[in-house]
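J.: I have a structure I would like to understand better, so I am pasting it below and will then ask my questions one at a time.
The values are calculated or read from the model by the stated rules, or taken from the named source; none is laboratory data. Here the structure is a predicted model, which is why all the values come from computation and not from measurement. As a convention, Cβ positions derive from the backbone with ideal geometry for all residues, glycine included, and neighbour counts pool all protein chains shown. Please note that ligands, DNA and RNA were not included when accessible areas were found on the heavy atoms of the full protein model with its side chains. Shrake-Rupley method; radii C 1.70, N 1.55, O 1.52, S 1.80 Å.
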Amino acid sequence: KVEYDLPASGDIDLSLIVPTRDEAPNVQALLNRIAGIESSATTEVIFVDDSDDDTPQIVRSCQNAYDFDIRLVHRTQGNRTGGLGGAVIDGIAASRGEFVCILDGDLQHPPERIPSMWDLARSGKAILLISSDMPEMVRLADRILIMREGRIDAEVQNSRDYQEMSESIMQVLA
């Protein structure tokens with residue numbers, strides 16, 4: 001069964017989707033880093049959890065500890081359709097934000113970059129960046145297209161290095 005624990009309040013600008021599997025030690029560290037971000041975006045964090053550990057209990061224990069909504073979709077064993085991709089899709093389906101950002105629960109994607117991406121998105125520029133530590137997934141995209149007002153504005157070649165690509169994208173968008 002899939003358990004939804006989705007308390008909600010107010011309008012949301014940005015939904016942060018965090019797919020997790022046995023990430024209990026990282027939950028509070030990730031939420032603390034998100035809480036430390038200064039942004040004008042009204043934010044919600046949606047954990048889509050495929051864990052067999054105590055990750056869902058830790059997420060629930062944090063739900064009233066921050067100034068943003070923390071929501072949980074717990075996909076129990078036998079209901080984890082589509083693996084990581086399925087978790088992302090379920091998170092997007094549960095989201096209420098005008099914009100969506102996917103963050104790994106293992107802290108490999110720095111939440112401190114969210115404000116600059118938010119500012120760019122609000123200015124009419126859009127970024128689609130698929131990041132993965134699985135070599136077969138990284139090879140899928142040879143380039144990242146950056147769009148503004150429905151037109152391709154720039155292109156960044158995939159260097160296969162997340163940090164290098166992130167810096168290149170931010171230079172193009174600056």
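J.: List the pairs whose first member sits in the range 96-111 and is in contact (Cβ under 8 Å) with a residue 12 or more places away in the chain and under 17 Å from ILE58 (Cβ atoms), whose second member is among the acidic types (Asp, Glu) and open to solvent by 30 Å² or more (accessible area, probe 1.4 Å), and whose Cβ atoms are under 6 Å apart, counting only residues at least 6 apart or on separate chains?
T.: GLY105/GLU23
J.: Return only the number of the condition from (1) of a type outside the set (Asp, Glu); (2) open to solvent by 70 Å² or more (accessible area, probe 1.4 Å); (3) free of Cβ contacts under 8 Å to residues at least 60 places away in the same chain; (4) part of a loop (DSSP other than H, G, I, E, B) that SER40 does not satisfy.
T.: The single condition SER40 does not satisfy is (3).
J.: In the range 32-50, is there at least one residue being touching a Ser or Thr at 6+ places or on another chain (Cβ under 8 Å) and more than 28 Å from ILE169 (Cβ to Cβ)?
T.: So far as the range 32-50 goes, yes, one or more of its residues are touching a Ser or Thr at 6+ places or on another chain (Cβ under 8 Å) and more than 28 Å from ILE169 (Cβ to Cβ).
J.: What about VAL27, is it in a helix (DSSP H, G or I), within 14 Å of the chain's Cα centre (by Cα), at negative phi and surrounded by fewer than 19 Cβ atoms within 10 Å (Cβ to Cβ)?
T.: No; evaluated as a whole, the condition is false for this residue.
J.: How many residues does the range 67-86 hold that are open to solvent by less than 20 Å² (accessible area, probe 1.4 Å) and among the β-branched types (Val, Ile, Thr)?
T.: 2
J.: Listed residues ASP106, ASP90, ASP11, ASP53; which is within 12 Å of the chain's Cα centre (by Cα) and either part of a strand (DSSP E or B) or of a type outside the set (S, T, N, Q) (or both)?
T.: Checking each option against the conditions leaves just ASP106.
J.: Just need a number here: residues in the range 87-98 that are open to solvent by less than 60 Å² (accessible area, probe 1.4 Å) and modelled with pLDDT under 85.
T.: 0
J.: Considering every residue within the range 14-21, establish whether at least one is more than 23 Å from ARG122 (Cα to Cα), surrounded by 14 or more Cβ atoms within 10 Å (Cβ to Cβ), of a type in the set (A, V, I, L, M) and touching a residue at least 24 places away in the same chain (Cβ under 8 Å). If you could, list the steps in order and put the result at the bottom.
T.: Taking the range 14-21 and keeping what is more than 23 Å from ARG122 (Cα to Cα), we get 19-21.
Checking which are surrounded by 14 or more Cβ atoms within 10 Å (Cβ to Cβ) leaves us with 19-21.
Then keep just the ones that are of a type in the set (A, V, I, L, M); that gives none.
Checking the range 14-21: not a single residue is more than 23 Å from ARG122 (Cα to Cα), surrounded by 14 or more Cβ atoms within 10 Å (Cβ to Cβ), of a type in the set (A, V, I, L, M) and touching a residue at least 24 places away in the same chain (Cβ under 8 Å).
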